[in-house]
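Asks: Before I ask anything, here is the structure I am working with.
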Amino acid sequence: MNVFVTDSYEEMSRAAADVIATLVAEKPDCVLGLATGSTPIGLYAELVKDYEAGKISFAKVKSFNLDEYRGLPGDHDQSYRYFMNTNLFDHVDIDKAQTHVPDGTNPDAEAEGLAYEAAIEEAGGVDLQLLGLGHNGHIGFNEPADDFPVITHVVDLTESTINANSRLFDSIDEVPRQAYTMGIGTIMKAREILLVVNGEGKAEIVRDVLTGPVTPRVPASALQLHPKVTVVLDKEAAKLL
Ligand code: F6R
(Lines give C-alpha, C1' and ligand atoms only; values in the text may rest on other atoms or scores of the structure.)
Protein backbone atom coordinates (compact mmCIF):
# COMPACT_ATOMS: atom_id res chain seq x y z
CA MET A 1 0.00 0.00 0.00
CA ASN A 2 1.41 3.40 -0.94
CA VAL A 3 0.12 6.25 1.20
CA PHE A 4 0.60 9.87 0.11
CA VAL A 5 -0.20 12.75 2.43
CA THR A 6 -0.86 16.10 0.80
CA ASP A 7 -1.26 19.58 2.28
CA SER A 8 -4.76 20.40 1.10
CA TYR A 9 -7.88 19.17 -0.69
CA GLU A 10 -6.58 20.83 -3.87
CA GLU A 11 -3.23 19.03 -3.68
CA MET A 12 -4.95 15.75 -2.88
CA SER A 13 -7.21 16.19 -5.91
CA ARG A 14 -4.27 16.95 -8.19
CA ALA A 15 -2.22 14.00 -6.91
CA ALA A 16 -5.16 11.61 -7.36
CA ALA A 17 -5.91 13.02 -10.83
CA ASP A 18 -2.27 12.37 -11.74
CA VAL A 19 -2.64 8.68 -10.86
CA ILE A 20 -5.63 8.40 -13.22
CA ALA A 21 -4.06 10.59 -15.94
CA THR A 22 -0.88 8.48 -15.89
CA LEU A 23 -2.87 5.29 -16.37
CA VAL A 24 -4.94 6.79 -19.19
CA ALA A 25 -1.73 7.96 -20.93
CA GLU A 26 -0.14 4.51 -20.58
CA LYS A 27 -3.28 2.57 -21.48
CA PRO A 28 -5.70 4.79 -23.46
CA ASP A 29 -8.33 2.02 -23.60
CA CYS A 30 -8.24 1.35 -19.86
CA VAL A 31 -11.28 0.51 -17.75
CA LEU A 32 -11.83 2.95 -14.88
CA GLY A 33 -13.98 2.24 -11.84
CA LEU A 34 -15.41 5.55 -10.66
CA ALA A 35 -17.01 6.97 -7.53
CA THR A 36 -19.38 9.81 -6.66
CA GLY A 37 -19.61 11.88 -3.47
CA SER A 38 -17.95 15.12 -2.47
CA THR A 39 -14.39 13.76 -2.27
CA PRO A 40 -13.73 13.17 -6.00
CA ILE A 41 -15.33 16.41 -7.28
CA GLY A 42 -11.94 18.20 -7.20
CA LEU A 43 -10.11 15.40 -8.94
CA TYR A 44 -12.73 15.20 -11.69
CA ALA A 45 -12.30 18.97 -12.17
CA GLU A 46 -8.53 18.42 -12.53
CA LEU A 47 -9.11 15.72 -15.16
CA VAL A 48 -11.41 18.10 -17.06
CA LYS A 49 -8.63 20.73 -16.95
CA ASP A 50 -6.13 18.17 -18.29
CA TYR A 51 -8.52 17.31 -21.11
CA GLU A 52 -9.11 20.98 -21.96
CA ALA A 53 -5.34 21.53 -22.02
CA GLY A 54 -5.00 18.69 -24.53
CA LYS A 55 -3.00 16.56 -22.10
CA ILE A 56 -5.38 13.63 -21.92
CA SER A 57 -8.06 11.92 -23.98
CA PHE A 58 -10.80 9.64 -22.68
CA ALA A 59 -11.95 8.66 -26.17
CA LYS A 60 -11.17 4.97 -25.66
CA VAL A 61 -11.74 4.74 -21.92
CA LYS A 62 -14.53 2.59 -20.49
CA SER A 63 -15.94 3.23 -17.03
CA PHE A 64 -18.00 1.48 -14.39
CA ASN A 65 -19.37 3.35 -11.41
CA LEU A 66 -19.48 1.85 -7.96
CA ASP A 67 -23.09 2.45 -7.16
CA GLU A 68 -26.48 3.99 -7.94
CA TYR A 69 -29.76 4.64 -6.16
CA ARG A 70 -32.42 2.09 -6.92
CA GLY A 71 -35.51 3.65 -8.48
CA LEU A 72 -33.93 6.84 -9.81
CA PRO A 73 -33.66 7.34 -13.57
CA GLY A 74 -30.34 8.64 -14.88
CA ASP A 75 -31.74 12.10 -15.57
CA HIS A 76 -32.80 12.64 -11.93
CA ASP A 77 -30.50 15.28 -10.49
CA GLN A 78 -29.72 13.10 -7.45
CA SER A 79 -28.83 10.01 -9.49
CA TYR A 80 -25.18 9.02 -9.67
CA ARG A 81 -25.42 8.86 -13.47
CA TYR A 82 -26.40 12.55 -13.42
CA PHE A 83 -23.49 13.29 -11.04
CA MET A 84 -21.02 11.61 -13.39
CA ASN A 85 -22.39 13.38 -16.45
CA THR A 86 -22.26 16.80 -14.84
CA ASN A 87 -18.90 16.40 -13.05
CA LEU A 88 -16.94 14.58 -15.73
CA PHE A 89 -18.53 12.89 -18.73
CA ASP A 90 -20.20 16.00 -20.22
CA HIS A 91 -16.86 17.84 -20.18
CA VAL A 92 -14.48 15.30 -21.74
CA ASP A 93 -14.38 13.18 -24.91
CA ILE A 94 -15.46 9.91 -23.29
CA ASP A 95 -17.96 7.86 -25.32
CA LYS A 96 -21.01 7.86 -23.03
CA ALA A 97 -22.08 4.49 -24.44
CA GLN A 98 -18.91 3.12 -22.80
CA THR A 99 -19.74 4.58 -19.38
CA HIS A 100 -21.66 2.31 -17.05
CA VAL A 101 -23.64 3.04 -13.91
CA PRO A 102 -26.02 0.39 -12.48
CA ASP A 103 -29.50 0.91 -13.96
CA GLY A 104 -31.57 2.20 -11.07
CA THR A 105 -34.79 1.61 -12.98
CA ASN A 106 -34.35 -2.13 -13.61
CA PRO A 107 -37.16 -3.82 -11.61
CA ASP A 108 -35.16 -7.07 -11.49
CA ALA A 109 -32.44 -6.34 -8.93
CA GLU A 110 -30.71 -9.69 -9.15
CA ALA A 111 -30.57 -9.58 -12.95
CA GLU A 112 -29.17 -6.04 -12.81
CA GLY A 113 -26.39 -7.09 -10.40
CA LEU A 114 -25.43 -10.09 -12.51
CA ALA A 115 -25.56 -8.10 -15.77
CA TYR A 116 -23.29 -5.44 -14.24
CA GLU A 117 -20.75 -8.05 -13.17
CA ALA A 118 -20.88 -9.63 -16.65
CA ALA A 119 -20.36 -6.25 -18.34
CA ILE A 120 -17.27 -5.61 -16.20
CA GLU A 121 -15.89 -9.04 -17.11
CA GLU A 122 -16.62 -8.48 -20.78
CA ALA A 123 -14.73 -5.18 -20.71
CA GLY A 124 -11.71 -7.08 -19.40
CA GLY A 125 -12.07 -6.14 -15.72
CA VAL A 126 -11.40 -2.82 -13.99
CA ASP A 127 -7.84 -1.49 -14.32
CA LEU A 128 -8.16 1.15 -11.63
CA GLN A 129 -10.96 1.57 -9.11
CA LEU A 130 -11.35 4.99 -7.52
CA LEU A 131 -12.87 4.96 -4.02
CA GLY A 132 -14.00 7.50 -1.44
CA LEU A 133 -14.46 6.44 2.18
CA GLY A 134 -17.55 6.68 4.39
CA HIS A 135 -17.22 7.75 8.05
CA ASN A 136 -18.08 4.19 9.09
CA GLY A 137 -15.55 2.63 6.69
CA HIS A 138 -17.99 1.95 3.89
CA ILE A 139 -16.85 1.80 0.27
CA GLY A 140 -19.52 1.93 -2.38
CA PHE A 141 -22.68 1.25 -0.36
CA ASN A 142 -21.02 -1.68 1.44
CA GLU A 143 -21.86 -0.83 5.04
CA PRO A 144 -20.39 -2.49 8.15
CA ALA A 145 -21.75 -6.05 8.27
CA ASP A 146 -21.02 -9.60 9.35
CA ASP A 147 -19.62 -10.59 5.95
CA PHE A 148 -17.95 -8.94 2.99
CA PRO A 149 -20.54 -8.81 0.17
CA VAL A 150 -19.08 -10.35 -2.95
CA ILE A 151 -20.82 -9.10 -6.09
CA THR A 152 -22.94 -6.17 -7.26
CA HIS A 153 -26.15 -6.28 -5.22
CA VAL A 154 -28.97 -4.22 -3.76
CA VAL A 155 -28.72 -2.79 -0.26
CA ASP A 156 -31.40 -1.30 1.98
CA LEU A 157 -30.37 2.18 3.02
CA THR A 158 -30.32 2.80 6.76
CA GLU A 159 -32.73 5.27 8.37
CA SER A 160 -29.81 7.61 9.09
CA THR A 161 -28.71 7.61 5.43
CA ILE A 162 -32.28 8.23 4.28
CA ASN A 163 -32.62 11.11 6.75
CA ALA A 164 -29.22 12.56 5.78
CA ASN A 165 -30.07 12.38 2.08
CA SER A 166 -33.52 13.90 2.47
CA ARG A 167 -31.97 17.41 2.38
CA LEU A 168 -31.23 16.85 -1.30
CA PHE A 169 -34.82 15.87 -2.21
CA ASP A 170 -38.11 17.77 -2.12
CA SER A 171 -39.44 15.45 0.58
CA ILE A 172 -38.22 12.44 2.55
CA ASP A 173 -40.72 10.24 0.67
CA GLU A 174 -38.75 10.82 -2.52
CA VAL A 175 -35.48 9.53 -1.06
CA PRO A 176 -34.69 6.09 -2.49
CA ARG A 177 -34.82 3.29 0.08
CA GLN A 178 -32.35 1.07 -1.74
CA ALA A 179 -29.20 1.31 -3.83
CA TYR A 180 -27.08 -0.86 -6.07
CA THR A 181 -23.45 -1.26 -5.20
CA MET A 182 -20.48 -3.23 -6.43
CA GLY A 183 -19.58 -5.82 -3.79
CA ILE A 184 -16.30 -5.86 -1.89
CA GLY A 185 -15.39 -8.80 -4.12
CA THR A 186 -16.05 -6.70 -7.25
CA ILE A 187 -13.87 -3.91 -5.88
CA MET A 188 -11.05 -6.26 -4.84
CA LYS A 189 -10.89 -7.70 -8.37
CA ALA A 190 -9.76 -4.34 -9.78
CA ARG A 191 -6.10 -4.49 -10.76
CA GLU A 192 -5.33 -1.27 -8.93
CA ILE A 193 -7.20 0.75 -6.28
CA LEU A 194 -7.02 4.50 -5.64
CA LEU A 195 -8.51 5.53 -2.28
CA VAL A 196 -8.93 9.26 -1.76
CA VAL A 197 -9.89 10.75 1.61
CA ASN A 198 -9.93 14.26 3.03
CA GLY A 199 -10.95 16.01 6.23
CA GLU A 200 -10.34 15.64 9.95
CA GLY A 201 -13.72 13.96 10.37
CA LYS A 202 -12.33 10.88 8.64
CA ALA A 203 -8.98 10.69 10.48
CA GLU A 204 -10.15 7.94 12.85
CA ILE A 205 -11.65 5.76 10.17
CA VAL A 206 -8.56 6.24 7.95
CA ARG A 207 -6.42 4.94 10.83
CA ASP A 208 -8.75 1.96 11.38
CA VAL A 209 -8.92 1.14 7.66
CA LEU A 210 -5.16 1.28 7.11
CA THR A 211 -3.80 -0.04 10.40
CA GLY A 212 -6.63 -1.88 12.19
CA PRO A 213 -7.76 -5.48 11.79
CA VAL A 214 -9.28 -6.62 8.49
CA THR A 215 -12.98 -7.04 9.29
CA PRO A 216 -16.33 -6.60 7.51
CA ARG A 217 -17.21 -4.28 10.42
CA VAL A 218 -14.82 -1.85 8.64
CA PRO A 219 -15.49 -2.74 5.00
CA ALA A 220 -12.58 -0.75 3.54
CA SER A 221 -10.12 -2.68 5.75
CA ALA A 222 -10.31 -5.40 3.07
CA LEU A 223 -8.08 -3.12 0.97
CA GLN A 224 -5.14 -4.15 3.19
CA LEU A 225 -5.30 -7.48 1.35
CA HIS A 226 -5.16 -5.93 -2.13
CA PRO A 227 -1.74 -6.04 -3.85
CA LYS A 228 -1.84 -2.58 -5.44
CA VAL A 229 -3.45 0.22 -3.47
CA THR A 230 -2.59 3.92 -3.60
CA VAL A 231 -4.06 6.08 -0.83
CA VAL A 232 -4.08 9.85 -1.27
CA LEU A 233 -4.98 11.84 1.86
CA ASP A 234 -5.01 15.45 2.88
CA LYS A 235 -3.11 16.14 6.08
CA GLU A 236 -6.27 16.33 8.20
CA ALA A 237 -7.39 12.85 7.19
CA ALA A 238 -3.85 11.57 7.87
CA LYS A 239 -3.64 13.14 11.33
CA LEU A 240 -3.83 9.92 13.35
CA LEU A 241 -1.46 7.82 11.25
C1 F6R B 1 -19.78 7.06 -3.82
C2 F6R B 1 -19.60 6.02 -2.82
C3 F6R B 1 -19.45 6.31 -1.35
C4 F6R B 1 -18.61 7.54 -1.06
C5 F6R B 1 -18.45 7.75 0.44
C6 F6R B 1 -17.72 9.05 0.77
O7 F6R B 1 -19.95 6.50 -5.10
O8 F6R B 1 -19.61 4.89 -3.19
O9 F6R B 1 -18.91 5.18 -0.73
O10 F6R B 1 -17.34 7.39 -1.65
O11 F6R B 1 -19.72 7.79 1.05
O12 F6R B 1 -18.51 10.11 0.36
P13 F6R B 1 -17.97 11.60 0.34
O14 F6R B 1 -16.90 11.68 -0.66
O15 F6R B 1 -19.18 12.43 -0.04
O16 F6R B 1 -17.48 11.88 1.74
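The values are calculated or read from the model by the stated rules, or taken from the named source; none is laboratory data. Predicted, not measured: the structure shown is a model, and the values here were computed from it. No Cβ is skipped: glycine too gets one built from the backbone with ideal geometry, and neighbour counts run over all protein chains shown. Keep in mind that these areas ignore ligands, DNA and RNA; they rest on the heavy atoms of the full protein, side chains included. Shrake-Rupley method; radii C 1.70, N 1.55, O 1.52, S 1.80 Å.
Asks: Which of the residues belonging to the stretch 87-135 are open to solvent by 30 Å² or more (accessible area, probe 1.4 Å) and within 17 Å of Leu47 (Cβ to Cβ)?
Replies: Asn87, Asp90, His91, Asp93, Asp95, Lys96, Gln98 - these are the residues of the stretch 87-135 that are open to solvent by 30 Å² or more (accessible area, probe 1.4 Å) and within 17 Å of Leu47 (Cβ to Cβ).
Asks: Report, by residue number, each residue of the stretch 200-225 that is in contact (Cβ under 8 Å) with a residue 60 or more places away in the chain, part of a loop (DSSP other than H, G, I, E, B) and in contact with a helix residue (DSSP H, G or I) (Cβ under 9 Å, 6 or more places away or on another chain). I'd like the intermediate steps shown before the answer.
Replies: Step one: filter the stretch 200-225 for residues in contact (Cβ under 8 Å) with a residue 60 or more places away in the chain, giving 201-202, 205-206, 208-210, 216-224.
If we keep only those that are part of a loop (DSSP other than H, G, I, E, B) too, we end up with 216-217.
Listed by number, the list holds a single entry, Pro216.
Asks: Across the stretch 24-41, which residue is nearest to the ligand (Cβ to nearest atom) among those that are open to solvent by 20 Å² or more (accessible area, probe 1.4 Å) and over 14 Å from Gly140 (Cα atoms)? Break it down into steps so the answer makes sense when it comes.
Replies: Residues of the stretch 24-41 open to solvent by 20 Å² or more (accessible area, probe 1.4 Å): 25-29, 36-38, 41.
Remaining after also requiring over 14 Å from Gly140 (Cα atoms): 25-29, 41.
Numbers: Ala25: 25, Glu26: 25, Lys27: 23, Pro28: 25, Asp29: 23, Ile41: 8 Å.
For the stretch 24-41, the residue satisfying everything is Ile41.
Asks: Name the single residue, out of those in the stretch 170-210 being under 19 Å from the mean Cα position of the chain (by Cα) and of a type in the set (D, E, K, R), that is nearest to Lys239 (Cα to Cα).
Replies: Ranking the candidates gives Lys202 first.
Asks: Going by what's in this entry, would Glu68 be described as in contact with a Ser or Thr (Cβ under 8 Å, 6 or more places away or on another chain) and at pLDDT below 95?
Replies: No: the conditions fail for Glu68.
Asks: Give the number of residues within the stretch 55-70 that are in contact with a strand residue (DSSP E or B) (Cβ under 7 Å, 6 or more places away or on another chain) and more than 11 Å from the ligand (Cβ to nearest atom). Break it down stepwise before answering.
Replies: First pass over the stretch 55-70, keeping only residues in contact with a strand residue (DSSP E or B) (Cβ under 7 Å, 6 or more places away or on another chain): 61-70.
Filter again for more than 11 Å from the ligand (Cβ to nearest atom), leaving 61-64, 70.
Of the residues in the stretch 55-70, 5 are in contact with a strand residue (DSSP E or B) (Cβ under 7 Å, 6 or more places away or on another chain) and more than 11 Å from the ligand (Cβ to nearest atom).
Asks: Identify the residue in the stretch 172-198 that is without any contact (Cβ under 8 Å) to a residue 40 or more places away in the chain and within 26 Å of Glu159 (Cβ to Cβ) and, among all such residues, is farthest from the ligand (Cβ to nearest atom). Please lay out each step first, then the result.
Replies: As a first pass, look at the stretch 172-198 and keep what is without any contact (Cβ under 8 Å) to a residue 40 or more places away in the chain: 172-175, 185, 188.
Cutting the leftovers down to within 26 Å of Glu159 (Cβ to Cβ) gives us 172-175.
Numbers: Ile172: 19, Asp173: 23, Glu174: 20, Val175: 15 Å.
Selected residue: Asp173.
Asks: Confirm whether Gly124 is within 12 Å of the ligand (Cβ to nearest atom), on the phi > 0 side of the Ramachandran plot and either among the small types (Gly, Ala, Ser) or free of Cβ contacts under 8 Å to residues at least 24 places away in the same chain (or both).
Replies: Values: within 12 Å of the ligand (Cβ to nearest atom): no; on the phi > 0 side of the Ramachandran plot: yes; either among the small types (Gly, Ala, Ser) or free of Cβ contacts under 8 Å to residues at least 24 places away in the same chain (or both): yes.
In short, no.
Asks: Could you count how many residues in the stretch 152-190 are open to solvent by 70 Å² or more (accessible area, probe 1.4 Å) and under 22 Å from Glu121 (Cα atoms)?
Replies: 1
Asks: Count, please, the residues in the stretch 60-103 that happen to be among the hydrophobic types (A, V, I, L, M, F, W, C), within 14 Å of the chain's Cα centre (by Cα) and within 16 Å of Gly125 (Cα to Cα).
Replies: Going through the stretch 60-103, the residues among the hydrophobic types (A, V, I, L, M, F, W, C) turn out to be 61, 64, 66, 72, 83-84, 88-89, 92, 94, 97, 101.
Still in the list and also within 14 Å of the chain's Cα centre (by Cα): 64, 66, 83-84, 88, 101.
Filter once more, so that each one left must be within 16 Å of Gly125 (Cα to Cα): 64, 66, 101.
Going through the stretch 60-103 one residue at a time, the tally reaches 3.
Asks: Scan the stretch 97-154 for residues that are among the polar types (S, T, N, Q) and under 16 Å from Ala220 (Cβ atoms) and jot them down. Show your work before the answer.
Replies: In the first step, residues of the stretch 97-154 are kept if they are among the polar types (S, T, N, Q); the result is 98-99, 105-106, 129, 136, 142, 152.
The answer is Gln129, Asn136, Asn142.
To keep it simple, each residue is scored yes or no on (1) of a type in the set (A, V, I, L, M, F, W, C); (2) over 20 Å from Leu128 (Cβ atoms); (3) open to solvent by less than 10 Å² (accessible area, probe 1.4 Å).
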| site | (1), (2), (3) |
| --- | --- |
| Asn2 | no, no, no |
| Leu43 | yes, no, yes |
| Leu47 | yes, no, yes |
| Gly74 | no, yes, no |
| Met84 | yes, no, yes |
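Asks: What's the number of the condition Ile193 fails, among (1) modelled with pLDDT under 95; (2) open to solvent by less than 30 Å² (accessible area, probe 1.4 Å)?
Replies: (1)
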